[in-house]
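Input: a single structure, listed below in C-alpha cells.
The values are calculated or read from the model by the stated rules, or taken from the named source; none is laboratory data. Every value quoted in this text rests on a predicted model; they were computed, and no experiment measured them. Here the Cβ is made from the backbone with ideal geometry for all residues, glycine too, and neighbour counts use every protein chain on show. Side chains included, ligands, DNA and RNA excluded: accessible areas come from the protein's heavy atoms. Shrake-Rupley method; radii C 1.70, N 1.55, O 1.52, S 1.80 Å.
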Amino acid sequence: LTQPVTPDLLVSPSSQDGDLGSECPEDRGNWTGRLDFLLSCIGYCVGLGNVWRFPYRAYTNGGGAFLVPYFIMLAICGIPIFFMELSLGQFSSLGPLAVWKISPLFKGVGMGTILIVSLVAIYYNMIIAYVLFYLFASLTSDLPWQHCGNWWNTDLCLDHHVIKAGNTTFPINTTNTVGPSEEYWSRYVLHIQGSSGIGDPGRIRWNLCLCLLLSWTIVYLCILKGVKSSGKVVYFTATFPYLILVMLLIRGVTLEGAWKGIRFYLTPQFDHLLSSKVWIEAALQIFYSLGVGFGGLLTFASYNTFHQNIYRDTFIVTLGNAITSILAGFAIFSVLGYMSQELGVPVNQVAKAGPGLAFVVYPQAMTMLPLSPFWSFLFFFMLLTLGLDSQFAFMETIVTAVTDEFPYYLRPKKALFSAVICIALFLMGLILTTEGGMYWLVLLDDYSAGFGLMVVVITTCLVVTRVYGIKRFCRDIHMMLGFRPGPYFRACWMVLSPVTMMALLVYNIVKYQPSEYGSYRFPTWAEVLGILMGVLSCLMIPLGMVVAVLREEGTLWERVQQASRPTMDWGPSLEENRTGMYVASLAGSQSPKPLMVHMRKYGGITSYENTAIEVDREMEEEEESMM
C-alpha cells in the first residue's frame, strides 16, 4: 500500500526535514510510567519540613487556629504558583534556564534559580548524611544516646532512666542539666566542642564524611538515567514514608500521655489570628513546603506528555502535602506528650523544631519506648526516604537546566555530567563535615533560599502575567489542557499571589534577625557572607538583562522590547503539538493557514486541535477589534 501524498502547497518547508524537530525531545527523555510524575511531585514536596517544621510552627502560632491562615495561604499562594510552574514546564518541555525563551530579557531568573538550588543541594545532602549516621547507630540492641557515662558525656548529663528507676518523690532540678541524646548529637556526632565558631571549622569528621559520600552515591545512582531511573525509585521513596508515618502515629497515640501532646498541638487559640506574624508564618510554611521557585516542579513537568492533566495533579499534590503535614504533627506531638509525662515537664519544654527535633528530642523519646532501636530505625528510615526524593528533584533541576542549554554536547553524556555535578557539590560540602560544620549548615539554611528565592518567584509571576501576558498564558493552557483557567487562578496570578509574596519579602527584610545556633552568635563577616549569598541570586536577574540587551540590535528601548518578546521557537517542543499560532513559528513555515497544514499532516482534527481553532478565531477577532 502506498502512503497518501500530501500536495506541496499544504506542506510547510519545516516538515521536509523529516523528524528533525522531534529528535531533541525524544533524546531528552520522558516519564515511563503514568504515576512517575505524580509520585515524584509528592516526594519532592513532602520532605523533612513536613515533619520537623510544620508541627512546631502550628503549635507556636495558635495551634488548631493556625490551620485557618494555612489553608487560606495555600489557596492564595500555594496552589496558583504551583500550577503556574507546572504549566510553564509542561507547555515548553524545557528546564529552568531554557524556559526563559518565553522572555529572554529575564533569563537571569533561571540563573538565580540554579544558584539557589545548588546551595540548597549542598547542605540538604548533609542533613541526609546525619540521618544515615543515626540510621546506622540504631542497628544495635541499646541506642548509644540512651544513657550517660560515655566518653562524650559531661557531668551535666542527666539520664531520665535513672530518675525513673529511683522512684523519687522529690522533684529534681533539671535547669542546668543536659539529656544524653543532646550530648550525643553535639559532642559525639558533630564534635562541636572542637570548634570555637564558624571561623574555626576544625578537623573533618571522617565518619560524617563517609556518610556524606554514601548519600551522594545513592543520589547519583538514582538519577543516573534521569527521570527514567528516579521515576522508578520514587515508587518506593514517596510511598514508604506514609507507611512508617502511620506506624509511628498508631504507636504514638497509644502511649500514655499522648493526649497531652495532641491537645497542646491542636488547641485553637483564635486570638493569634489577629497577629500578622501568624499569617506570615503560614505563608512561609506553604512557600517552602511546596518547593515553588526551586525549579523542581518545572523540571518534572517538562518531562510530561503535552496533554497531561496537571490541573488535577496540582490539587492532589498540594492538598496531599497539607494533609501529610497535619498527620505528621499528630505523630510527633503524641510522642512528645508521652515524653513530657515521663519527664514530668510541660510539653513546650520538650518541643523543638528543625534538627533539634529530629536529632535530639525524638531520638530521646525513642529510648523511652520498648524495642527502642526498632522505632528509632523506622523514624530515621522515614527521614531518609523523605529527604532523598527532594534531593533527586534538586539534582534533576540542575542537570536538566544545563543540558537543555547545551543539548548536543551534554545530553549524550548526561550520566557523566551528573557524576561531575555530584562530585563538585560533594567537595563543596566537605566543610559541613568538620567540627564546626553545623555553623556553616545553619548559615546556608538561613540565607541560601531566603529573600533571593522570593525575588525569583515574584519576578516569574510578574513576567508571565505582565510581560508575556495573562491572556496569552491562559491560551497556552487552553491549548494544552483543553480548558481555560478560571477567574480564581487569574486573580491570584495577577494580584493576590505577587502582593502576598511581596508582603513576605518586606516582612523578612524588616524583621531580619542575625543567625544563631544555640547560644552562639555569628560574627559580622559571616552575616555579610550570608546576605551576599542571597543577593547574588538576585543580581543574576539584572546581569541576564544586560546580556540579553547586548545581543539585540537597535536603540536601547528597541533592544529591550525585542529581548522581552518570546523567541521564534518558543512553544511546544514536538511539532505535532504546535497547533494554532505556534505552527507559524516553526523554522521556514510560510503557510498562511498553518493549522490546516498541521491537520493535513497529522491526519484530521482532534479535540485539542479544535481548541487551537478556537484560539486562532479569538485572536483574529481581537486583531479586528483593535483595527
Please state, rounded to one decimal and in Å, the Kirkwood hydrodynamic radius that the stretch 199-253 gives when every pair of distinct Cα atoms enters the mean of 1/r.
14.1
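With a/c under 1.5 counting as rounded, go ahead and sort the stretch 391-454 into rounded, prolate or oblate using the C-alpha gyration tensor (a ≥ b ≥ c being the square roots of the eigenvalues; past the cut-off, prolate if a/b is larger than b/c, else oblate).
oblate
When the helices in the chain are scored as -39500 (n - 2.57) per DSSP H run of 4 or longer and the sum is shared across all residues, what 222 nm value do you end up with, to the nearest 500 deg cm²/dmol?
On the way: 30 runs with 381 residues, N = 627.
For the chain, the value works out to -19000 deg cm²/dmol.
Among 123-130, 371-378, how do they line up by average Cβ neighbours within 10 Å per residue, starting with the highest?
Numbers: 123-130: 23.6, 371-378: 18.6.
Result, highest mean first: 123-130, 371-378.
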Could you sort the peptides 380-387, 268-275, 238-245, 137-144 by per-residue average Cβ neighbour count (10 Å cutoff), highest mean leading?
380-387, 238-245, 137-144, 268-275
Taking the Cβ of residue 329 as the center, what net charge do the other residues with Cβ under 13 Å away carry, scoring Lys and Arg +1 and Asp and Glu -1?
+3
Note the angle between two axes, namely the Cα long axis of helix 227-237 and the longest principal axis of the Cα atoms of the chain, as a number of degrees from 0 to 90, rounded to the nearest 10.
30
Take the alpha carbon atoms of the chain, find their radius of gyration, then divide it by 2.2 N^0.38 Å using N residues; give the quotient.
1.05
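Keeping every protein chain present and rolling a 1.4 Å probe, give me the accessible area per residue for the chain in Å². It would help to have the intermediate numbers written out before the result.
Working: 26920 Å² over 627 residues.
On a per-residue basis, the chain sits at 43 Å².
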Tilt of helix 36-45 relative to the longest C-alpha principal axis of the chain, in degrees (0 to 90, nearest 10)?
50
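When all alpha-carbon pairs of the stretch 56-129 are counted, what percent fall beyond 21 Å?
Details: 1461 of 2701 pairs.
Everything past 21 Å amounts to 54 percent.
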Residue range of the chain that is longest and free of GluC sites (Glu not before Pro) which are both DSSP loop and sparsely packed (at most 10 other C-beta within 10 Å):
257-552
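Compute the Rg to Rh ratio over the stretch 330-390 from the alpha carbon atoms, using the Kirkwood formula for Rh, and round to two decimal places. Present the calculation step by step, with values, prior to reporting the outcome.
Working: Rg = 11.8 Å, Rh = 12.1 Å.
Using only Cα positions, Rg/Rh for the stretch 330-390 is 0.98.
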Applying a 10 Å radius around every beta-carbon, put 110-121, 480-491 in order of their mean neighbour count, most first.
110-121, 480-491
Taking only Cα atoms, what is the 0 to 90° angle, nearest 10, from helix 470-481's long axis to the longest principal axis of the chain?
90
